[in-house]
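Taken together, the values in this text are just the output of simple stated rules run on the coordinates, not laboratory data. This is a predicted model, so every value here is computed, not measured. Cβ placement follows ideal geometry from the backbone for every residue including glycine, while neighbour counts extend to all protein chains displayed.
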Amino acid sequence: MRGASSAKWVAGAIVIALAATACGGGDDDGGSKGSGKAGGTFRMGITEPVAIDPYNAQESEGILVTDNLFTGLYEPTADGKVNPALATSKKVSKDGKTWTFTIKKGTKFSNGEAVDAESFIRGWNRVAVKTAASDVAYHMAGIEGFADVQSGKAKTMTGLTAPDPYTLQVKLSAPDFEFYIKTTHTVFSPVPKVAGDAKNKAYNEAPIGNGPFKMQGKWEHNKSITLVRNDDYGLTKAHLDKVQIDILNSANGVTLEYQGFESGQYDWARMPTPQLPAAKAKYEPQGEWIQTDTNGMNYLLPITDNGPLKSAKAREAVSYAIDRDAIIKGVFQGMYTKSTTILPPVFTDVYQKDLCTSCIKQDKAKAKQLAAEAGLKPGTTIEVAYNTGAGHEEWIQAVKQQLEQVLGVKVKSTGKPFAELLADQQKPGATGMYRFAWGADYPTPDNFLYPLLDTASINKDENGKVTGDNRGRYSNKKFDDLLAQARATEDQAGRNAIYKQAEKVAMDDVALIPLWNRTQLRLANTKKFDGLKMDFHEDPNLSEITMK
Amino acid sequence: MGRYVVRRLGQLVIVVLGATMVLFACLFVLPGDPVGQIAGSDKARDPAVIEQLHKQYGLDKPLVVQYGTYVGKLVTGDLGTDYTQSRPVTEILGPKLENTAKLAVAAIVIDIVIGISVGVLAAMRRYSIWDVSATFITTLAIGVPSIVLGMIMQRVFVIELDWFPLIAGDSFEGIILPAFTLAIIDAALVAQLARSTMLEVLRADYVKTAVAKGLPRRTVLTRHIMRNSVIPVVTYLGISFGTLLGGAIITETIFNWNGIGLALIQAIQQNNNPIIVGVVTISVAVFVVLNLVVDLLYAALDPRIRLA
């Protein structure tokens, strides 16, 4: 559940390719992946992460490192599915409250310690304890005993046990048939005994893990992180010898990446928006252009319990009045794809293209008619707030013009620094619309629908401030009931069918106004590396690529 | 003299206290809880996490108490803990300060070498082709913003010609372009200043006297002309060192130079108050100390000036 400002949002990984010292070291014992050569150094750049220790790794950059240092029970695939990693089997009780995982025997941490059920329990408790103050601990909220550990009453979660060294049993406080999907998040990584608690600085800076790569030296803050292949990796071994990650400043990291790719020093790069057409024209014919809709969405977030957009018809009128195609062409140079759903297209099993009928094409007549029915009179003021400095000014301006032209309303658009915008969304009496984006932490529709739209996610405190992620204050019992029903359904296909119904309910209410998909663009050095792709976290798939 | 230094250092304490107090008050009135959201993200922090962080950073206490605690720690050289990674501010800013200092010193050296030699040359050969082109080039250099110059140099020397590394690292080549970008405007100003003061000094009676009594040209130049014309330049350089810290924000951003200018920008974007206060406190202290050094230097260069 990660929403973001453009700055961090777009912050994927950049790869600075060192003139590949094709040191032939390391025989290709990865084997199964076929013909590619082992060896090579992959240099890339990121912006400074919050943490690379699984206890608090959270954004694309931190996850890039942590995900390569650690391997958990399951792993997400780029197209929104889940593959087993260290879990050899999973079993869930009929009531959905007890999960039993068997863990692959014989795998080790890079310090030689065995990876067993205990190391998972150790890792999870380490995150959940109060003193860790982890931003990602909430992923474990469903585990029995989590509340006591969070409040400082206990040190270990009662729900975690190891009936035998390679069996992990997890008791949940409420049924959750998707718990195994959550374990794809790096916060569910196992850790060795030396990890100590979450405040262990030495480990925070140079985590010892069980992943396809291991740290060389420690995290040089604002400078670099170096990974080398873990030759004792328990699953399919990586091919690259080394990954050199430079840490660039967030103010112009994107520009540096692009310049680096142009000058041949980088293998992977984001691009500054104005350069996109030129970059596409140059690199697409050479097969070095990657364009993917990832697991994120861009919306306008209407406040549904207050102000001019309280009625669903008013929101639909707004949606009809927006010409998404024109904005994508005019502002984004055609690089985004229009979105017509709440869930991203990457969730292929539940994707219902064109579910949002008002999103498909601008319809001025319909917009006017709906506005009249909803009592959204010409001259009404609609506030639209966005965060400054993240490239939102232009399209907000376009939306403003379109709404004013079509509906005759007065749009008051306000740019604010990010922290202010968030505080504004949360405060009682918020009104109008906000620029909003969301991305999933693990591949399940629930990760969009529950936090953004369930009544329980509004979570007002005693002053009426919204503390949950449902900032639009959308509340519909039918929707809530469907989500509860989906969550209580064991079988994946059945569950997905209900999620689709729930999405339709929310879409009929226009609880969110979809704008465009999270289309990610990268330059990738496919001339030197084989199999280079963008993964679920929008990072390069380091553990799979090979030298050509 | 000793008392003068002590008094000036006493002022330093007051200025630093004043600066931190103003900043504290300003940051406090900003909306949004500094630990209320994850840095740079739409996602609100878990209430349990917020509570724990508030306790950890003392944010649950009144502002006056927070300020008191801050000042108490400041005296022992502790600048607090940052909000994103929970690392000590001194540990974060230490290496960055060193980097910025390296850059600033390199820039000052360039200022002195280029500025004074161009200025002296121009003044000695007044109205020659050297003088005219020096005036032209320095005026041009003052007019071009350093952000433009920096980006052009990066494009030409890094991307096209590949003479310098894109990411500076610790190498000597890495410092050249950023230092030059940072120095260029000041170097031009120093050149113009050196030229005009030197022309003034050249017309002074004591120089005429020195020449008239038959001192060798070299002696007149170094002992009488240079020493007298360098005083305004030193004053200017002292002040410009402070503005270099401001210029460093732009230069460090362009060249990914890991200094305190860059740290300040990022901290502002992230509401990372301890870093903001830390950078400003350090800058204020550096500025005041440098001004003191300049004043002392002034007295050393010009015996007529007595400090009291």
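Are any of the pairs A:Lys130/B:Lys61; A:Lys37/A:Lys237; A:Lys377/A:Lys400 more than 18 Å apart by Cα-Cα distance, and if so, which? Checking Cα-Cα distances, A:Lys130/B:Lys61 exceed 18 Å.
So, R0 is 25 Å and r is the distance between the beta-carbons of A:Ala493 and A:Thr337; what FRET efficiency does that work out to, to 0.05? The calculated FRET efficiency here is 0.40. Taking B:Thr135, B:Thr84, B:Thr222 in turn, the Gaussian network model of chain B (Cα-Cα springs below 10 Å) assigns the largest fluctuation to B:Thr222. In this model, which of A:Lys477/A:Lys500; A:Lys527/A:Lys548; A:Lys338/A:Lys533 are farther than 18 Å apart at the alpha-carbon? Over 18 Å apart, Cα to Cα: A:Lys338/A:Lys533. Put one equal scatterer on each alpha carbon of region B:2-84, apply the Debye formula with no solvent term, and list log10 I(q)/I(0) at q = 0.17 1/Å to two decimals. Scattering profile of region B:2-84, log10 relative to I(0): -0.80. Taking every alpha-carbon pair within the protein assembly as shown, the share separated by more than 41 Å comes to 43 percent. Simple point charges give the picture: +1 on the Cβ of Lys and Arg, -1 on the Cβ of Asp and Glu, and for region A:157-288 a dipole about the Cα centre of about 280 debye.
Between A:Thr88 and A:Lys465, residue separation times 0.36 nm minus the direct Cα-Cα distance comes to 131.3 nm. Given labels modelled 7 Å from the Cα in the Cβ direction, how far is it in nm from A:Glu284 to A:Thr388? Taking the simple label geometry, A:Glu284 and A:Thr388 are separated by 3.5 nm. Peptide B:86-92 has a mean of 2 when you count, residue by residue, the C-beta atoms of other protein chains within 10 Å of its C-beta. Measuring r between the beta carbons of A:Asp95 and A:Gln291 and using R0 = 30 Å, the FRET efficiency lands at 0.10. With a cut-off of 16 Å, note down the residues of region B:64-107 whose backbone N falls inside the zone around a label point 7 Å from the Cα of A:Lys218 toward its beta carbon. Inside the label zone: B:85-96. With the charge dipole of the protein assembly as shown set up from +1 on Lys and Arg Cβ and -1 on Asp and Glu Cβ about the Cα centre, the Cα lying farthest toward the positive end among the listed residues A:Tyr258, B:Val220, A:Asn56 is that of B:Val220. Coupling constants for region A:356-367 follow from the phi torsions by the Karplus curve (6.51 cos²θ - 1.76 cosθ + 1.60, θ = phi - 60°), and in residue order they are 8, 5, 6, 8, 5, 8, 4, 9, 4, 4, 5, 4 Hz; glycine and proline get x. Amide H to amide H distances under 5 Å link B:Tyr83 with B:Ile275, where only residues 5 or more positions off or on other chains count and H is placed in the peptide plane.
Rounded to the nearest 0.05, the FRET efficiency derived from the C-beta distance between B:Ile129 and B:Glu98 at R0 = 51 Å is 0.75.
Sites listed here are trypsin sites (Lys or Arg not before Pro) in region A:331-410 whose DSSP assignment is loop and whose Cβ has at most 10 other Cβ atoms within 10 Å: A:Lys353. With an a/c value of 1.5 or above and a/b larger than b/c for the gyration tensor axes a ≥ b ≥ c computed over the alpha-carbon atoms, region B:95-269 is described as prolate.
Extending 7 Å from Cα along the Cβ direction at A:Thr158 and again at A:Ala372 yields two label points whose distance is 6.3 nm.
Counting Cβ atoms of other protein chains within 10 Å of each Cβ in A:250-261 and taking the mean gives 4. Principal-axis analysis of the Cα atoms of chain A puts helix A:492-508 at an angle of about 30° to the longest axis.
Listed by chain and number, the aspartates and glutamates whose C-alpha is less than 17 Å from the C-alpha of B:Lys213, apart from same-chain residues fewer than 8 away, are B:Asp205. Rounded to the nearest 500, the 222 nm mean residue ellipticity of chain A from helices alone is -7500 deg cm²/dmol, with -39,500 (n - 2.57) taken per DSSP H run of at least 4 residues. Multiplying the sequence separation of B:Val211 and B:Arg223 by 0.36 nm and subtracting their Cα-Cα distance, what value in nm do you get? Contour length minus the Cα-Cα distance gives 3.1 nm. With springs only between Cα atoms under 10 Å, which of B:Pro145, B:Pro62, B:Pro178 fluctuates most in a Gaussian network model of chain B? Of B:Pro145, B:Pro62, B:Pro178, the Gaussian network model singles out B:Pro62 as fluctuating most.
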